[in-house]
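All remarks here apply to the structure that follows.
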Amino acid sequence: MGLPFTCMPASIDETPQPGLNPRQVAEDLAIKKVMAVAKKLKSSHSSLLIPHSSFIFGADTIVVFNNKIYGKPEDRGEAGTMLRMLAGKKHEVITAMAIHNRQNNKTDCRSVSCDVEFAPLTEAEIQWYLDTGEWQGVAGAYQLQNLGGCLIKSINGSPSAVAGLPLHDFYVMLRDNGCRFGA
């Protein structure tokens, strides 16, 4: 989109809060990420590098299967378990986005949901994908935007939401929060 940005890790605990539904969990995590970065900027010299008028953006993507949330697998074994469970079945992917305006101290949060159907997978295919390492650090143990796309039979919704940033919705969110595109 041609927007200048700086990446700052939020370094938050991503354990879901009890009592929240999956959409609320994703939104809660996205908000916690932007607020953690806002706090870092307020209490450090990093704010000198980033203009006060800038926005802080954070997102979180979760996978939901049989009403259970699947985040980032801790190891190859857990990733394999997730892939075996998703193989040949449909699941929901929820990506929440939060934007914090440092000028007016307001935060906007939105989420997008889509249904993803995995193709049936053989054990050899699962091992092949695990060998790619793409499962590391991603919800549900796959990346649609890379080789994980080979595992997906269909998507009902935004493919960019499954990849972790629903581009159209992000664009609208930026526009609604005062970012102008074009003349």
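Observations, loosely collected:
- Order of H100, H168, H91 - criterion: other Cβ atoms within 10 Å of each residue's Cβ, fewest first: H168, H91, H100
- The modelled label-to-label distance for the pair E117/N177, using points 7 Å beyond Cα in the direction of Cβ, is 3.5 nm.
- Virtual spin-label span in nm between K106 and D131, 7 Å along Cα→Cβ: 5.3
- MRE, 222 nm, helices only [DSSP H, n ≥ 4, -39500 (n - 2.57), over the chain, to nearest 500]: -9500 deg cm²/dmol
- Rough spin-label spacing in nm, given labels placed 7 Å along Cα→Cβ, for N66 and I12: 2.9
- Legend: residue pairs K33/K153; K39/K90; K40/K106; K33/K68, Cα-Cα distance threshold 28 Å; pairs beyond threshold, K33/K153; K39/K90.
Read the figures in this text as sums done on the coordinates, not as results from a lab. All values derive from a computational prediction rather than experimental measurement. Reconstructed Cβ throughout: ideal geometry from the backbone, glycine too, with neighbour counts over all protein chains shown.
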